[in-house]
Amino acid sequence: MSNEMTGAEMVVKALSEQGVKHLFGYPGGAVLPIYDALFQQKDVQHILVRHEQGAVHAAEGYARSSGKVGAVLVTSGPGATNAVTGLTDALMDSIPVVVITGQVPTHLIGNDAFQECDTVGITRPCTKHNYLVKDVNDLSRILHEAFYIAGSGRPGPVVVDIPKDIQFAKGKYTGPKNVEHKSYKPKLKGDMAKIQAAIDLMKCAKRPLFYTGGGIINSGNEASVLLRDLVKITGYPITSTLMGLGAYPAADPQWLGMLGMHGTYEANWAMHDCDVMICIGARFDDRITGRLDAFAPHSKKIHVDIDPSSINKNVKVDIPIIGDCAHVLEDMVRLWRSSSAQPDKKALGEWWEQIKKWRARKSLAYKKSNDVIKPQYAVERLYELTKDRDTYITTEVGQHQMWAAQHLHFQEPRRWMTSGGLGTMGYGLPAAVGVQLAHPKSLVIDVAGEASVLMTMQEISTAVQYRLPIKIFILNNEYMGMVRQWQELLHGGRYSESYSAALPDFVKLAEAYHAVGIRCARPGDLDAAIKEMIKVDKPVIFDCVVDKNENCFPMIPSGRAHNEMILGDAAESIGDAVTEEGKMLV
Amino acid sequence: MNMTVNPTTTHYPAAPVDEREQRRTLSVLVDNEPGVLARVIGLFSGRGYNIDSLTVSETEHEKHLSRITIATTGKPMVIEQIKHQLERLVPVHRVVDLTESGRALERELALIKVRGKGDNRVEALRLADAFRARVIDATTESFIFELTGKTDKIDQFLILMEPLGLIECSRTGIAAIARGPEGM
């Protein structure tokens, strides 16, 4: 059999050989040959989105929930520029996606041709790597390399820009075997001497704390299993970033909840007071550290990360270990077991006593109401009514996202898809489309805000077309809630442009899209309405009308330290809590 | 803007006083492929790092390798970041901090145009001789000198030429290499 084929056929063959079952995309002039090749085969199913940003978010949701590399196909010019938000989102959150973009024919590049843009130039800073294919004989190698780079090491988005003449040209196809790159060689094994030093430090800790992140989830399910082993055998408390939720079961007593700007009281105080911090697969983001010079001031820090540039970027650490979380965790578990040193039982007992006192503060508590649905209550009920099901959650960005992180409790990895680094409003709905495709039998819920969800609302059409019964659970407070909250705290309650004026009737909107709409405004009706939402075997837009003025607490104001967090019941003094310097921060 | 002083901000040590900026010369071995320089420069501009000097050329034709020599300044944590961020770029093979190894030679080449008559002309030629600059073009009222050396030496020569009729100069930026028998 000849390996001679057109560039367009190579694209489809390479996708198929990479195990791609679903390709999210939108056609256009510069990718028509590839769409023609897709038309003539059955291996790869194309999912037609309604906007290219949605294609990338859907691929992200698909990738995060399944552990595979997500695949996207868009056209040149506006197709590529529309994908930029998704690419940046995937880069910030280390999500493996390969985005194939069409390009004007080679001889027109640089001529300001119709629907031309400098795709590799525009996407260079928002991808892990990108390619412009100039010879059809390089195409198959580049595509396989793109999948390898996207999925290995610290995962990320890769763009392959293919001019239209290359799609028509015939050349030789090579398979995915032996993809090795000359200079790109991620290091997986950690330095054993450093791991031993880390174990020695952990053994003599008096106030230890595990601080884990999305790296555990990216490393694969094995890493979560090993993390659970390590946390169990050490008996140490554990907290996690927003991105790492689910790596450690929230039902376990050693779990302190999420830390950071809207983290729990116990997690943030433990972070502040710990003497040995074991950071695994997290990157000391500013939402986590708060004020840097007051961040865990008395601690020795161990940092495990696959990306050397994450080490010492924001916070100087004492023992850096460069390697894949699963590999390093395996060594840590083994060395902990073989080490004869005994942890300081007495000090650890006191540490747990202290943590219990912080826990007793019940920082996630809120004032209940019988008249109006409190957003926290809505999320709590959603959790109670879905926890025994096979459930996947996506979110948009804002207050609802933080309430979801606080009140939904994840027991397994890959169940929680949210835009952490970039904070992309409009992520959740298309991501839910991707998750539902990867898990057709599961319950997929996008916990949304009414403002965020309108940014990519058109993707409900995609869900309807492919009969994906995603549930859009909107906490509708008629405000860009987090913006309103910051305006209340920092700008004297001048709610500049943060009111969601002229909202659509979400029930009618759902019906217009041939989906199902449900509205609920009373706490007493909520359970029945949520049950109804779960029962419907179609996409649902659930308009949950909640308290308009609720703020999201606890909160570490910008420029403050972990032990200066504000709790909901002490929130009257909040206007004074932010310094002039803090106001400059985001 | 003044720090707001209140009880919750005072019992911590103040933010570490800015550590001294250091000057480093980095040698970066990269695949000689389109866009590789844009990746490196984009990294520096995107992350707010300084470029004091940048020199690029293909050095191994058969292997399609180029060597980029970058002189940069930054605090120690930033310098460490720069190296790791460069290593993260897919077409980058190696990054070597030539300043850290302490055994590196740095040279720069400059072409310098000086215009003058009479005593100034004589003085310019005399100084050029002292600096071992070669005359590579001359008219009755001007010279072009070729000068090779460390950056300091070229800077010094330019200062001396200024009052004698310096018109313009073109500099290559720094090329650097480690001493000893080993390669990069």
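The values are calculated or read from the model by the stated rules, or taken from the named source; none is laboratory data. Please read these numbers as outputs of a predicted model, since none were measured by experiment. Don't worry about glycine lacking a Cβ; one is built from the backbone with ideal geometry, like all the others, and counts go over all protein chains shown. To get the accessible areas, we keep the full protein, side chains included, count just its heavy atoms, and leave off ligands, DNA and RNA. Shrake-Rupley method; radii C 1.70, N 1.55, O 1.52, S 1.80 Å.
Here are some notes:
- Scope the stretch A:327-349; condition touching a residue at least 24 places away in the same chain (Cβ under 8 Å) and among the charged types (D, E, K, R); matching residues: A:GLU330, A:ASP331, A:ARG337, A:ASP344
- Qualifying residue in the stretch A:145-157 (condition: crowded, with 20+ Cβ neighbours inside 10 Å, facing another protein chain (nearest Cβ under 9 Å), in contact with a Lys or Arg (Cβ under 8 Å, 6 or more places away or on another chain) and assigned to a helix (DSSP H, G or I)): yes
- Close contacts from the stretch A:28-42, counting a first residue that is among the aromatic types (Phe, Trp, Tyr) and a second that is open to solvent by 40 Å² or more (accessible area, probe 1.4 Å), with Cβ to Cβ under 6 Å and a gap of 6+ residues or different chains, come to A:TYR35/A:PRO27.
- Failed item in (1) part of a strand (DSSP E or B); (2) at pLDDT below 95, with A:PHE24 passing the rest: (2)
- Helices (runs of 4 or more DSSP H) enclosed by the stretch A:439-556 - at least 3 residues per element that are free of Cβ contacts under 8 Å to residues at least 12 places away in the same chain and farther than 23 Å from A:TYR383 by Cα: A:506-512
- Filter result for A:LYS177 (more than 14 Å from every other protein chain (Cβ to nearest Cβ), open to solvent by 60 Å² or more (accessible area, probe 1.4 Å) and under 22 Å from A:GLY70 (Cα atoms)): yes
- Of the numbered criteria (1) open to solvent by 30 Å² or more (accessible area, probe 1.4 Å); (2) touching a helix residue (DSSP H, G or I) at 6+ places or on another chain (Cβ under 6 Å), the one A:ALA360 fails is (2).
- Going through (1) within 12 Å of chain B (Cβ to nearest Cβ); (2) out of contact with any Asp or Glu (no Cβ under 8 Å at 6 or more places or on another chain); (3) touching a residue at least 12 places away in the same chain (Cβ under 8 Å); (4) not basic (Lys, Arg) one by one, A:ASP324 falls short only on (1).
- A:VAL11 satisfies every condition listed in (1) at positive phi; (2) crowded, with 24+ Cβ neighbours inside 10 Å except (1).
- Helices (runs of 4 or more DSSP H) contained entirely in the stretch B:85-184, each with at least 2 residues that are in contact (Cβ under 8 Å) with a residue 60 or more places away in the chain: B:98-101
- Of all residues in the stretch A:364-379, those satisfying the criterion of being modelled with pLDDT of 95 or more and either open to solvent by less than 20 Å² (accessible area, probe 1.4 Å) or basic (Lys, Arg) (or both) are A:ILE373, A:LYS374, A:PRO375, A:GLN376, A:ALA378, A:VAL379.
- The set of residues in the stretch B:82-101 being among the polar types (S, T, N, Q) and at the interface with chain A (Cβ under 9 Å from one of its Cβ atoms) consists of B:GLN85 alone.
- Long-range neighbours under 6 Å by Cβ, at least six apart or interchain, first residue under 19 Å from A:GLY67 (Cα atoms) within the stretch A:222-234, second open to solvent by 60 Å² or more (accessible area, probe 1.4 Å): A:LEU226/A:GLU330
- Scan of the stretch B:72-81 for residues that are within 14 Å of chain A (Cβ to nearest Cβ) and not in a helix (DSSP H, G or I), ordered by number: B:GLY74, B:LYS75
- Scanning the stretch A:180-211 for residues that are part of a loop (DSSP other than H, G, I, E, B), of a type in the set (Gly, Ala, Ser) and more than 14 Å from every other protein chain (Cβ to nearest Cβ) returns A:GLY190, A:ALA205.
- Of residues in the stretch A:10-21 being assigned to a helix (DSSP H, G or I) and in contact (Cβ under 8 Å) with a residue 60 or more places away in the chain, the one farthest from A:GLN103 (Cα to Cα): A:GLU17
- Among the conditions (1) surrounded by 22 or more Cβ atoms within 10 Å (Cβ to Cβ); (2) more than 27 Å from A:SER452 (Cα to Cα), A:VAL56 misses just one, which is (2).
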